[in-house]
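**Q** Mind having a look at this structure? Questions to follow.
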Amino acid sequence: MTRSSNLVAAPPRPSTVVGPPARRRRRSRRTGWAGWLFVAPALIFYAVFVLRPIVLTVQYSFYDWNGIGASRWAGFGNYTKVFADPELYDSILHAFELILFFSGIPVLLGLAIAATIRRIATSRLALVARTVLFLPQVIPLVAAGIAWTWLLSATGVVNQLLSALGLGKVTKAWLGDSSTALPAVGVIGAWVLLGLCILLFLSGMSKIDPALYEAARIDGAGVVREFFAITVPGLRQEIGVCVTVTMIAALASFDIVYVSTQGGPGNATTVPGLEIYYLAFSQREVGPASALAVVLMVVVLAVVLPVQRISKEDKP
Amino acid sequence: MTGTGRSLTGRILLVVLMAATVLPFVSLFVTALHPSGSYPSGLEWPSDPQWGNFARAFEVARLGEFLKSSVLIVLGVVPVSLLIATMAGFATGHLRMPGGRAVFLLFVLGLTLPFEGIITPLYFQVRDMGLLNTRWAIILPLIGLYMPFSVYWMRAHFVTMPHELSESARVDGVSTWQLFWRIHVPLAKPALSSLAILLFLWTWNQFLLAIVLVDEPAKRTMAGALGAFQGQWGTDIPLLCAGSLLILTPTLVVFLIFQRRFVSALLAGSLKG
């Protein structure tokens, strides 16, 4: 006790924020059990409502069960079904196709837009834009789905604009045509996520040293070289975040699809989340629903972990 | 010269972008003013704006009940989540408990979990607990589902707190709980308020849990109620638009009041998540 009080009384040295190892060992023994008491409530909620259901999902995925009667061991049968039934594996393919729109458009277009408006990022217009561009993040996705269903309908604003531009021939019910329904859903997702990505990029750009841009200009670098040599490498972390967030949004999409197309027309816009919902709660096929859920969780991890690794690596 | 040219391009781009962002809202609004039951085309200001649609939508959507239900759910989820996540973040980030790192990694494991992945067993679990069709069916699972992000978030705050602070309090004979409650929680206010905003928003807009676990729309969240409203009134476009607008008004109002905190919370939230 005296020793530690001496240490505290001594003027703090900048290098000892963490403290010497001997003291650390003593402290951890003293506060060890208290620490577990502090973690316990969060851990209990997490274990009961997340960890246990994860384990149960894996367990259900090996059984035939309708949710009420007796269950029967099915081995890998449900997984075979996921990859053999076109309705189910199509939903996974659709989710990957949605990544093109949910991630591709917000990240690429967002980078281009952020680079263009970087100079005016502190103007009054940009401050207003900050609020406006955030609106899609604040409203329920269900509301976004309803609004866009109406915009993309046969007589909606999108077709009205196209006609005004002299493109009256291409107008159609975008969500009702099986060849355009999935891209149309993708556009809704892109609308939701674009603003978030732009603002993340802008805040990242404000941390890039302006001297770098000066130097580039003196070296005679054009706008494009400047973009690829300074902006993109400087935004590595932000790009990683946007790619991660948008890819999860695409793979785990549910709300938008549920209200705008419900998977239709036909099965043109089914996604894993929607299939799980229908299988488990309409068709009472808990086994295949759980197998698809396991596949979805694994796919999300398999896609997100490499992105995290790349974006967290030390900058060159 | 090129500088001003580029800034003009930037301004035009920004305006176009903002127009594209508000277009769906404008379209909802204009459509909501058309006569109930009609099928208006595109953006067209009605000859006789039906302001009464909003009042009717408020009534048929039973918006008052939905508001009350959403507020109750938020009150059930957010304070408890904040408290227990802060405690866990404090323990794993500041107390150096044995096994703290392993526990933290266990929480991190859940960061990317899609809710659809566990919705099926969650349904049966909630049913066996006898909570189906009550607000608890949404509240309790959401607290658990928010733990990975919330603990991660609060821990990120507590690892930046200097240990000298706790050391000197210890010398004064302060217990671990007092150290937490009297010294560290007040200092964590900025992190806590951002987390509170995020949790409020995610709860208010939660859809999947609401439609799976609660049949009665009046016991759901706002987003879940909107889903039911669409199912019931989907064919009456102006009324649906009016109802949708009313249902998203509360979050818009809260957002506009706290917009600066919201924007920074959401940006920081996605950066950390």
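Only the coordinates and a few stated rules stand behind these numbers; no lab work does. Note that the structure is a prediction, hence the values are computed from the model and not measured. Heads up, the Cβs are rebuilt from the backbone with ideal geometry, glycines too, and the neighbour counts pull from every protein chain shown.
**Q** If you average the C-alpha positions of region A:251-316 and of region B:46-89 separately, how far apart do those two centres end up, in angstrom?
**A** Cα centroid of region A:251-316 versus Cα centroid of region B:46-89: 27 Å apart.
**Q** With +1 assigned to the C-beta of every Lys and Arg and -1 to the C-beta of every Asp and Glu, and no other charges, what is the dipole magnitude of the protein assembly as shown about the Cα centre in debye, to the nearest 20?
**A** Once rounded to the nearest 20, the dipole reads 2700 debye.
**Q** Can I ask one more? Roughly how crowded by other chains is peptide A:272-279, in terms of the mean Cβ count from those chains within 10 Å of each of its Cβ atoms?
**A** Working: counts 3, 6, 1, 1, 6, 6, 0, 1.
Mean shielding count: 3.
**Q** Another question, then. Spelling out what I want: for every residue of region A:121-133, take phi, set θ = phi - 60°, compute 6.51 cos²θ - 1.76 cosθ + 1.60 (Karplus), and round to whole Hz; glycine and proline get x.
**A** Result, ordered by residue: 5, 9, 6, 5, 4, 5, 5, 5, 4, 4, 5, 5, 5 Hz.
**Q** In nm, to one decimal, how far is the B:M129 label point from the B:T235 one, both placed 7 Å along Cα→Cβ?
**A** 3.9 nm
**Q** If I take every Cα pair under 8 Å that is 6 or more residues apart in region A:123-187, average their sequence separation and divide by the length, what percent do I get for the relative contact order? Write down the numbers at each step before the final one.
**A** On the way: 36 pairs, mean separation 13.1, N = 65.
Taking the mean separation of contacting Cα pairs over the length of region A:123-187, I get 20 percent.
**Q** So how many Å³ per residue does the convex hull of the Cα atoms of chain A work out to?
**A** Expressed per residue, the convex hull around the Cα atoms of chain A is 235 Å³.
**Q** At B:W45 and B:F29, where each label point lies 7 Å from the Cα along Cα→Cβ, what is the point-to-point distance in nanometres?
**A** With each label point 7 Å from Cα toward Cβ, the separation is 1.2 nm.
**Q** Assuming R0 = 51 Å, can you tell me the calculated FRET efficiency for the pair B:K189 and A:K169, based on Cβ-Cβ distance, to the nearest 0.05?
**A** 0.30
**Q** Partner chain Cβ atoms within 10 Å, averaged over the residues of A:150-160 - can you pull that number for me? Each step should come with its number before you reach the end.
**A** On the way: counts 10, 8, 0, 4, 2, 6, 6, 10, 3, 2, 5.
Average neighbour count from other chains, rounded to a whole number: 5.
**Q** Moving on to the next point. Let me know the charge dipole size of region A:86-312 about its Cα centre in debye, to the nearest 20, where only the beta-carbon of Lys, Arg (+1) and Asp, Glu (-1) is charged.
**A** 660 debye
**Q** Can you spot the aspartates and glutamates whose alpha carbon is less than 14 Å from A:K207's alpha carbon? Ignore those fewer than 8 places along the same chain.
**A** Excluding near neighbours in sequence, the set is A:E238.
**Q** Find how much the distance from B:A55 to B:T160 grows on full extension, using 0.36 nm per residue of separation minus their present alpha carbon separation; answer in nm with one decimal.
**A** Extending this stretch completely gives an extra 32.7 nm.
**Q** Quick one: which residues, 5+ away or cross-chain, put their amide H under 5 Å from the amide H of A:Y63? H built at 1.01 Å from N.
**A** For A:Y63, whose amide H was placed from the backbone, the distant partners under 5 Å are A:A74.
**Q** Given a Förster radius of 56 Å and the C-beta distance between A:Q262 and B:D172 as r, what FRET efficiency does 1/(1 + (r/R0)^6) yield to the nearest 0.05?
**A** In this case the efficiency is close to 0.35.
**Q** Using a/c under 1.5 as the rounded threshold, could you call region A:143-235 rounded, prolate or oblate? The axes a ≥ b ≥ c are square roots of the C-alpha gyration tensor eigenvalues, and prolate needs a/b larger than b/c, oblate otherwise.
**A** Prolate shape, in that a/c is at least 1.5 and a/b is the bigger ratio.
**Q** May I ask you to compute the full-extension gain from A:F83 to A:V132, defined as 0.36 nm times their residue separation minus their alpha-carbon distance, rounded to one decimal in nm?
**A** On the way: separation 49, 0.36 × 49 = 17.64 nm, distance 4.26 nm.
Full-extension gain reported as 13.4 nm.
**Q** Taking the Cβ-Cβ separation of B:W181 and B:V108 as r and a Förster radius of 30 Å, what is the calculated FRET efficiency to the nearest 0.05?
**A** So the FRET efficiency works out to roughly 0.70.
**Q** Expressed as a rounded percentage, what relative contact order does region A:86-312 have, with Cα pairs under 8 Å and six or more residues apart?
**A** Contact order relative to length: 31 percent.
**Q** Extension gain A:A215-A:V232, at 0.36 nm per residue separation less the Cα-Cα distance, in nm?
**A** 4.5 nm
**Q** What share of Cα pairs, in percent, lie more than 23 angstrom apart in region A:173-316?
**A** 53 percent
**Q** For region A:280-288, in order, what is each residue's ³J(HN,Hα) by Karplus, 6.51 cos²θ - 1.76 cosθ + 1.60 with θ = phi - 60°, in whole Hz (x at glycine and Pro)?
**A** Using θ = phi - 60°, the values come out as 6, 10, 9, 8, 6, 10, 5, x, x Hz.
**Q** Right, here's the next one. Could you let me know the centre-to-centre spacing of region B:134-155 and region B:165-233, using Cα atoms, in angstrom?
**A** First find each Cα centre; the distance between them is then 7 Å.
**Q** Still on this structure, please answer the following. Determine ³J(HN,Hα), in whole Hz, for all residues of region B:136-146 in sequence, where each value follows from phi through the Karplus function 6.51 cos²θ - 1.76 cosθ + 1.60 and θ = phi - 60°; x replaces Gly and Pro.
**A** Going residue by residue, I get 4, 5, 8, 5, 5, x, 4, 4, x, 5, 7 Hz, with x marking Gly and Pro.
**Q** When the C-alpha atoms of the protein assembly as shown are aligned to their principal axes, what extent does each axis show, in angstrom, from largest down?
**A** Each principal axis gives a Cα extent; for the protein assembly as shown these are 84, 77, 49 Å.
**Q** Another question about this same structure. For chain B, what relative contact order do you get, as a whole percent, if you take Cα pairs closer than 8 Å and at least 6 residues apart?
**A** Once normalised by length, the contact order is 31 percent.
**Q** Continuing with the same structure: What value, in deg cm²/dmol to 500, does the helix sum -39500 (n - 2.57) over DSSP H runs of n ≥ 4 give at 222 nm once divided by the residues of chain A?
**A** -20500 deg cm²/dmol
**Q** Then there's this: Using only helices, what value at 222 nm comes out for chain B when you add -39,500 (n - 2.57) per DSSP H run of length 4 or more and divide by the total residues, to the nearest 500 deg cm²/dmol?
**A** -23000 deg cm²/dmol
**Q** Still on this structure, please answer the following. Label points 7 Å out from Cα along the Cβ direction at B:T249 and A:S178: separation in nm?
**A** 4.2 nm
**Q** Over all residues in A:52-60, what is the mean tally of Cβ atoms on other chains that come within 10 Å of each residue's Cβ? Intermediate values should be presented prior to the final figure.
**A** Numbers: counts 5, 14, 6, 2, 6, 6, 1, 1, 3.
What the average comes to for A:52-60 is 5.
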